[in-house]
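Undergrad: First the structure, which I've put down as structure tokens, then a few questions once you've had a look.
The values are calculated or read from the model by the stated rules, or taken from the named source; none is laboratory data. Predicted model only: the values in this text are computed from it and were never measured. Positions of Cβ are backbone-derived with ideal geometry, glycine not excepted, and every protein chain shown enters the neighbour counts.
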Amino acid sequence: MARLFLIRHGRPSETWGGASSDPGLSELGMAQAEAAAAKLAAYGPLDVVSSPMRRCVETAAPYARLRGVSSRLEPRVSEVVAEPGVEDRPAWLQARFPWRDPGKLRDWASLEPALQAWRAQMLDYVSGIERDTAVFSHFIAINVITGAALRRDTTMVCKPDHASITELEVSDGALRFIAFGAEMQVDDVR
């Protein structure tokens, strides 16, 4: 059995898909990353896996530094990718992952095959983790993994705050939910 800690990246300096396609952390985000590192230290030595996106790499850095290890970049825990030609990314996200309106929840089977494949690849990867691991990832990705652990097929099961830590277990390829991290209080999916 392995413990799996899902950490949402700290607050970015700008919205992804806005002026920057891969923003880093804001000052607040850097402070959140340091606070997450201190919390993670209480769980003992963890492997460090990060989405290759800059805001996740920067969130993982304080914990990796504390542990004296390098983060392993893993594209399978990265951000959901919008279809080519999508100009209004927030509207595209909200239509598929309605965090603002729980009454409009969607099932994964209702989404495009490319999104279902993205989900399957992510779940295949995390289900194979065999050592206690901190995974620095994204809002929607954390919903994918947590939803699978809860055996729920809806696209939204939680609203992880920036630098929140959600805890799961992986045993023989099965995910088991342990605890949610802090919940987002302001509508701030970046």
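Undergrad: Go through segment 55-65 and give me each residue that's touching a Leu at 6+ places or on another chain (Cβ under 8 Å) and surrounded by fewer than 21 Cβ atoms within 10 Å (Cβ to Cβ).
TA: Val57
Undergrad: Here's a follow-up. Which number in (1) small (Gly, Ala, Ser); (2) in contact (Cβ under 8 Å) with a residue 40 or more places away in the chain; (3) closer than 23 Å to Leu73 by Cα marks the one condition that Ala120 misses?
TA: (2)
Undergrad: Return the residue satisfying two criteria in turn: it lies in segment 149-169 and is of a type in the set (Asp, Glu) and within 13 Å of the chain's Cα centre (by Cα), and of such residues it is surrounded by the fewest Cβ atoms within 10 Å (Cβ to Cβ).
TA: Among residues in segment 149-169 that are of a type in the set (Asp, Glu) and within 13 Å of the chain's Cα centre (by Cα), the one surrounded by the fewest Cβ atoms within 10 Å (Cβ to Cβ) is Glu167.
Undergrad: Something else: Select from segment 162-184 the residues that are closer than 15 Å to Ala134 by Cβ and touching a helix residue (DSSP H, G or I) at 6+ places or on another chain (Cβ under 7 Å) and list them in ascending order.
TA: Ala163, Ile165, Thr166, Leu168, Val170
Undergrad: What number goes with the only condition from (1) surrounded by 14 or more Cβ atoms within 10 Å (Cβ to Cβ); (2) out of contact with any Gly (no Cβ under 9 Å at 6 or more places or on another chain); (3) not basic (Lys, Arg) that Ala117 does not pass?
TA: Ala117 satisfies every listed condition except (1).
Undergrad: What residue, among those in segment 2-33 that are modelled with pLDDT of 95 or more and surrounded by fewer than 17 Cβ atoms within 10 Å (Cβ to Cβ), is farthest from the chain's Cα centre (by Cα)?
TA: Glu27
Undergrad: Failed condition for Leu93, given (1) loosely packed, with under 15 Cβ neighbours inside 10 Å; (2) in contact (Cβ under 8 Å) with a residue 12 or more places away in the chain; (3) under 17 Å from Thr155 (Cα atoms); (4) of a type in the set (A, V, I, L, M), with all others met?
TA: For Leu93, the exception is condition (1).
Undergrad: List pairs: first in segment 23-43 and outside any helix (DSSP H, G or I), second among the hydrophobic types (A, V, I, L, M, F, W, C), Cβ under 7 Å, 6+ apart or cross-chain?
TA: Pro23/Trp16; Leu25/Ala33; Tyr43/Phe5
Undergrad: Still on this structure, please answer the following. Return yes or no: is Ser78 touching a Cys at 6+ places or on another chain (Cβ under 6 Å) and modelled with pLDDT of 95 or more?
TA: no
Undergrad: Scan segment 121-128 and give yes if some residue there is out of contact with any His (no Cβ under 6 Å at 6 or more places or on another chain) and buried (at least 19 other Cβ atoms within 10 Å of the Cβ), otherwise no.
TA: Yes, the conditions are met somewhere in segment 121-128.
Undergrad: Against the condition of a type in the set (Phe, Trp, Tyr) and surrounded by 20 or more Cβ atoms within 10 Å (Cβ to Cβ), how does Tyr43 come out, does it pass?
TA: Details: of a type in the set (Phe, Trp, Tyr): yes; surrounded by 20 or more Cβ atoms within 10 Å (Cβ to Cβ): no.
Considered against the rule, which asks whether it is of a type in the set (Phe, Trp, Tyr) and surrounded by 20 or more Cβ atoms within 10 Å (Cβ to Cβ), Tyr43 comes out as no.
Undergrad: Going through segment 76-114 one residue at a time, which ones are within 24 Å of Asp22 (Cβ to Cβ), out of contact with any Ser or Thr (no Cβ under 7 Å at 6 or more places or on another chain) and of a type in the set (Lys, Arg)?
TA: Selection gives Arg76, Arg89.
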